[in-house]
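Trainee: Here it is: the structure, laid out below.
The values are calculated or read from the model by the stated rules, or taken from the named source; none is laboratory data. Only a predicted model underlies this, so the values are computations on that prediction, with no experimental measurement involved. Backbone-built Cβ (ideal geometry, glycine too); neighbour counts: all protein chains shown.
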Amino acid sequence: MGTREYTLEDFKSSARQFVQQLTPAREATVVALHGDLGAGKTTFVQEVAHTLGIYEDVVSPTFVIQKNYLLEGQVFGKLVHIDAYRLENAEELKVLGWEDVQRDPANLVCIEWAENVADLLAPETHHVYFAYVDDDTRSIAHGKEH
């Protein structure tokens, strides 16, 4: 797993390239986002959303936990944005219908604070690790391991 540092513009380009290489699988394609506050998780999801044709404001669903965006003309049918920051354990996400979300191969799921629900993440989950370097720079590392 290689780590790279990105300026904000390069960061956005990296997010676009990342989502463009994803393809649907047997179940939902899940992207687990890890990193401290301000490291770039929400910015990453915003760029993913814009790449998929979503132009409304995409904000972290901290209080509603999950926000769904229907996609048109894309390989995925829905972007599901989850913020697990307020969840104390994986069971809380299960109660919100995780199994149905995870079963649908048309779903692209981005989960901020994924470590809070790690028990629910399949081995196929894509993990993206963000770190704050300075005001204009973030580092990103990709992997499939927890």
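Trainee: Taking the condition assigned to a helix (DSSP H, G or I) and either of a type in the set (Phe, Trp, Tyr) or in contact with a helix residue (DSSP H, G or I) (Cβ under 6 Å, 6 or more places away or on another chain) (or both), does Leu93 pass?
Mentor: Numbers: assigned to a helix (DSSP H, G or I): yes; either of a type in the set (Phe, Trp, Tyr) or in contact with a helix residue (DSSP H, G or I) (Cβ under 6 Å, 6 or more places away or on another chain) (or both): yes.
Answer is yes for this residue.
Trainee: Can you pull out every residue in the range 11-38 that is over 13 Å from the mean Cα position of the chain (by Cα) and of a type in the set (A, V, I, L, M)? Don't jump to the end; show me each part of the working.
Mentor: Our first condition is that a residue be over 13 Å from the mean Cα position of the chain (by Cα); within the range 11-38, this holds for 11-14, 17, 20-21, 23-27, 36-38.
Of everything in the range 11-38, those that are over 13 Å from the mean Cα position of the chain (by Cα) and of a type in the set (A, V, I, L, M) turn out to be Ala25, Leu37.
Trainee: Examine the range 121-136 for a residue that is over 22 Å from Ala49 (Cα atoms) and surrounded by 17 or more Cβ atoms within 10 Å (Cβ to Cβ), and state whether such a residue exists. Give the steps one after another, and end with the answer.
Mentor: First, pick out the residues of the range 121-136 that are over 22 Å from Ala49 (Cα atoms): 122-123, 133-135.
The next check asks that each one be surrounded by 17 or more Cβ atoms within 10 Å (Cβ to Cβ); those that pass are none.
No, there is no match, as no residue in the range 121-136 is over 22 Å from Ala49 (Cα atoms) and surrounded by 17 or more Cβ atoms within 10 Å (Cβ to Cβ).
Trainee: Every residue in the range 31-62 that is in contact (Cβ under 8 Å) with a residue 60 or more places away in the chain and in a loop (DSSP other than H, G, I, E, B), please.
Mentor: Correct list: Gly35, Asp36, Gly38, Ala39, Gly40.
Trainee: Could you please let me know if Val109 is in contact with a Cys (Cβ under 9 Å, 6 or more places away or on another chain) and surrounded by 21 or more Cβ atoms within 10 Å (Cβ to Cβ)?
Mentor: Considered against the rule, which asks whether it is in contact with a Cys (Cβ under 9 Å, 6 or more places away or on another chain) and surrounded by 21 or more Cβ atoms within 10 Å (Cβ to Cβ), Val109 comes out as no.
Trainee: For Leu70, work out the one condition from (1) farther than 21 Å from Gln46 by Cβ; (2) hydrophobic (A, V, I, L, M, F, W, C); (3) without any contact (Cβ under 8 Å) to a residue 24 or more places away in the chain; (4) surrounded by fewer than 16 Cβ atoms within 10 Å (Cβ to Cβ) it doesn't fulfil.
Mentor: (1)
Trainee: How many of the residues in the range 63-85 are at pLDDT 95 or above, in a strand (DSSP E or B) and within 18 Å of Glu27 (Cβ to Cβ)?
Mentor: 6
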